[in-house]
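The values are calculated or read from the model by the stated rules, or taken from the named source; none is laboratory data. All values derive from a computational prediction rather than experimental measurement. For neighbour counting, all protein chains shown are included, and Cβ atoms are generated from backbone atoms with ideal geometry for every residue, glycine included. All accessible areas refer to the heavy atoms of the entire protein, side chains included, with ligands and DNA or RNA removed. Shrake-Rupley method; radii C 1.70, N 1.55, O 1.52, S 1.80 Å.
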Amino acid sequence: MRNSIFNELIEGGLLNENQLMECQEEERTTGKPIDKVLREKGYVSEEDFLKALSSQLHINFVEDLEEFSTPEKFVDSVPAQFARTYNLVAIGEEPGILMVATCDPLDVQPMDDLSAMLDMVVEPVVSTRAQITALINRAYQKSSADVDELLEGLEDDELIGIAAEIDETEDVLDIANKAPIIKLMNTILFEAQKNRASDIHLQPFADRLQVRYRIDGILYDTKVIPKKIQEALVSRVKVIGKMDIAERRLPQDGRTSVKIGDSELDLRISSVPTSYGERIVFRLLDKSARLYRLGEIGLDDRNFELLDGLVNSSHGVLLVTGPTGSGKSTTLYAALAEMDSQELNIITIEDPIEYNIDSISQIQVSNKKGLTFASGLRSLMRQDPDVMMVGEIRDMETAGIAVQASNTGHLVFSTLHTNDSAGAVTRMIDLGVEPYLVSSSLIGVVAQRLVRVICPRCKESYEPEETQLKSLGLEKGELLEGLLYHGRGCDSCLGRGYYDRTAIYEILTMNETIRDQIISRTSASVIKQTAVESGHLRTLRMDGARKVAQGITTVDEVFRVTQMDVF
């Protein structure tokens, strides 16, 4: 059987003889299962191995369990801990037969136990561990017994010791033989990643610790943790983040990486003391997340053409503005991904490095070691760069060096915190850059916001009201089939009617009129008004209105993230 599987992988070009021999040798010396060795070395993914295994066993392989729901009989009769330990979950039933997904079809003992438990015939299908764990979480998350089961058998006097003594786990999905607090923390991290959360909040109250996920920019309450577990869970977080467990009166910051199946997450952890205990916030950065291209980030034809032209300029400063979490870094990375790094020397200085890009040199800011944006940018000037990306312009020194770099023939990308595109111009002057230098170096400003996209699974149309259209400056004839759309709410979108996000843009490019206004220190509102009236600029709300007309997002969502255009 083993040889047949390996032959299939070799014939499919997924593995070669030398790699197989190397893995077999490690299996003999370490005792690790061969499939785990193959995955760890990156030779064969879990999915490819399971496909080969299911082919040999003549069992169906199910790639995505998102569409499946677990029968109530399974949830009611099978403890969540049993399902998690053996990675088993039911995906459907027929009279007397239960279809169960497994990632280890050769381990038949748990299947037999399950069959006896439910008094049904169990028919296996094969799926990846991450897909099975996600379905288990969905099946049991509505039950408060889930947290209770994870903490089963935990004595009060053991709590702190267990959280502190055990170091980081190899893989968040490996929870079967872990201590209860570690199981709970790993489950929270995995659910957050599976639900596309950008942040996890552990918020203490008088009687409980509330777990909240920020998904598509909105906070959702999820698990409720018993108050007596709070100290132990916070201690576990501090162990993960290499923070001081004994310090509870001062804010602390930590950082670490964890593996979740085949992906790796960077975690930035912040703790602050509150009246009910320490409040923890995680920021999640998925290292394995794919890099977007300019054509995939929500730009329509006009904006794509404008931004593409700015990105391909020979020199100048291009600024991307917006509040924290508005997708500025994603836009800059998309711009860098369009460039030919074979012909151009591209260097970035960031805090933190959010995506790793091949053939581009990326530098991590380290204030403790004296490597700031300003000092790093000054050093980059001696590295013969063609294109430089600076994570953020925060002070006069960084702004001055960026402008100087652009005036000596370099293309500089950076971000700035302002509300709109014209505000970036006056912000540079406020930082202390002379207006004539801003005028000569700035080639464009991109302001952006993220809006939630209507869930495709529960999207439905409705007749728009005249006031709604008027508030967005739309005519009924501009709408898709004369209708507006919203999401009804379903399990896939957690009942909110939205799934995923896209960006709306305001792109200000320079012309002679705007350059003259910058030199004469004209206010941001006048610059913006002039650009809009001349047809040179489309505001954030105007771009949002176009996405509403196309049925991508809703009127309420555009109102939530944009301000009224007042000129």
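Using a basic spin-label model with each label point 7 Å from the Cα along Cα→Cβ, how many nm lie between residue 97 and residue 337?
4.3
Bin by bin, in steps of 5 Å, what percent of the Cα pairs in the range 18-134 do you find, going until the bin that has the longest distance?
Distribution as computed: 2, 11, 21, 21, 18, 12, 8, 5, 2, 0 percent.
So which cysteines of the chain have no other cysteine's Cβ under 4.7 Å from theirs?
23, 103
So what's the back-of-envelope 222 nm ellipticity for the chain, counting only DSSP H runs of four-plus at -39500 (n - 2.57) apiece and dividing by all residues, rounded to 500? Please report the intermediate quantities before stating the final value.
On the way: 23 runs with 217 residues, N = 567.
When only DSSP H runs of four or more count, the value is -11000 deg cm²/dmol.
Sort the following peptides by mean Cβ neighbour count (other Cβ atoms within 10 Å, averaged over residues), highest first: 415-427, 241-253, 224-236. Each step should come with its number before you reach the end.
Numbers: 415-427: 22.5, 241-253: 12.9, 224-236: 19.5.
Ranking the peptides 415-427, 241-253, 224-236 by packing returns 415-427, 224-236, 241-253.
Determine the shape class of the chain: with a ≥ b ≥ c the square roots of the Cα gyration tensor eigenvalues, call it rounded for a/c under 1.5, and otherwise prolate if a/b is greater than b/c, oblate otherwise.
Prolate.
Where a ≥ b ≥ c are the square roots of the eigenvalues of the C-alpha gyration tensor, would you call the range 332-454 rounded, which needs a/c under 1.5, or, failing that, prolate if a/b is larger than b/c, or oblate?
Details: a/c = 1.37, a/b = 1.09, b/c = 1.27.
Rounded shape, in that the Cα axes give a/c under 1.5.
How far is helix 180-194 tilted, in degrees, relative to the longest principal axis of the Cα atoms in the chain, given as a value from 0 to 90 rounded to the nearest 10?
50
Between residue 511 and residue 10, what FRET efficiency follows from the Cβ-Cβ distance if R0 is 56 Å, with the result rounded to 0.05?
Once the sixth-power term is evaluated, E becomes 0.35.
Can you compute the modelled spin-label distance between residue 560 and residue 480, with each label point 7 Å from Cα toward Cβ, in nm?
1.8
Whole-Hz Karplus ³J(HN,Hα) for the range 306-317, in order, using 6.51 cos²θ - 1.76 cosθ + 1.60 and θ = phi - 60°, x for Gly and Pro?
Residue by residue, the range 306-317 yields 4, 5, 4, x, 5, 5, 8, 5, 7, 7, x, 10 Hz.
Which angle between 0 and 90 degrees, to the nearest 10, do you get for helix 524-533 versus the longest principal axis of the chain when only C-alpha atoms count?
So the inclination is approximately 90 degrees.
Given contacts defined as C-alpha pairs under 8 Å and at least six residues apart, what's the relative contact order of the chain, whole-number percent? Present the calculation step by step, with values, prior to reporting the outcome.
Working: 988 pairs, mean separation 47.5, N = 567.
Relative contact order of the chain: 8 percent.
Compute the helix-to-body angle for 421-430: its Cα long axis versus the longest principal axis of the chain, expressed 0 to 90° and rounded to tens.
Value to nearest ten degrees: 70.
Non-local amide H neighbours of residue 102 (under 5 Å, H modeled in plane, Pro and chain starts lacking H): which ones?
Long-range HN contacts for residue 102: 125, 126, 127.
So if each residue of separation counts as 0.36 nm, and I subtract the Cα-Cα distance between residue 210 and residue 264, what length gain in nm does that give? Provide the component values of the computation, followed by the final result.
Numbers: separation 54, 0.36 × 54 = 19.44 nm, distance 2.52 nm.
That works out to 16.9 nm of additional length.
Grab the beta carbon distance between residue 462 and residue 526, set R0 = 56 Å, and tell me the FRET efficiency rounded to 0.05.
Working: r = 39 Å, r/R0 = 0.70.
Approximately 0.90, to the nearest 0.05.
Skipping prolines and chain starts, which residues have an amide H placed within reach, meaning under 5 Å, of the one on residue 205, given they are 5 or more residues away or on another chain?
Hits under the 5 Å cutoff: 210.
Using the per-residue mean of other Cβ atoms lying within 10 Å as a proxy for protection, in what order, highest first, do the peptides 190-202, 430-442 fall? Numbers along the way, then the final one.
Numbers: 190-202: 20.1, 430-442: 17.6.
Highest to lowest by the protection proxy: 190-202, 430-442.
Take peptides 479-489, 35-45, 501-511, 362-372 and line them up by average Cβ neighbours within 10 Å, highest first, as a rough protection proxy. Before the final figure, lay out the partial values.
Working: 479-489: 15.7, 35-45: 17.4, 501-511: 22.5, 362-372: 13.1.
Taking the mean over residues of other Cβ atoms within 10 Å, the ranking is 501-511, 35-45, 479-489, 362-372.
Shape verdict for the range 65-120, please, from the Cα gyration tensor: rounded (a/c under 1.5), prolate (a/b greater than b/c) or oblate. Could the numbers behind the result be given before it?
Working: a/c = 1.31, a/b = 1.13, b/c = 1.16.
In terms of gyration-tensor shape, rounded.
Suppose accessible area is computed on protein heavy atoms with a 1.4 Å probe; arrange 296, 557, 463, 47 from highest to lowest. Kindly include the intermediate steps, with their values, before the conclusion.
On the way: 296 90, 557 5, 463 115, 47 60 Å².
My answer, sorted largest first, is 463, 296, 47, 557.
Using only the Cα atoms of the range 241-349, construct the convex hull and provide its projected area averaged over every direction, in square nanometres to one decimal.
Its Cα hull, projected and averaged over all orientations, spans 10.6 nm².
With each label point set 7 Å from Cα along the Cα-Cβ vector, what nm distance links residue 407 and residue 345?
Calculated label separation equals 2.2 nm.
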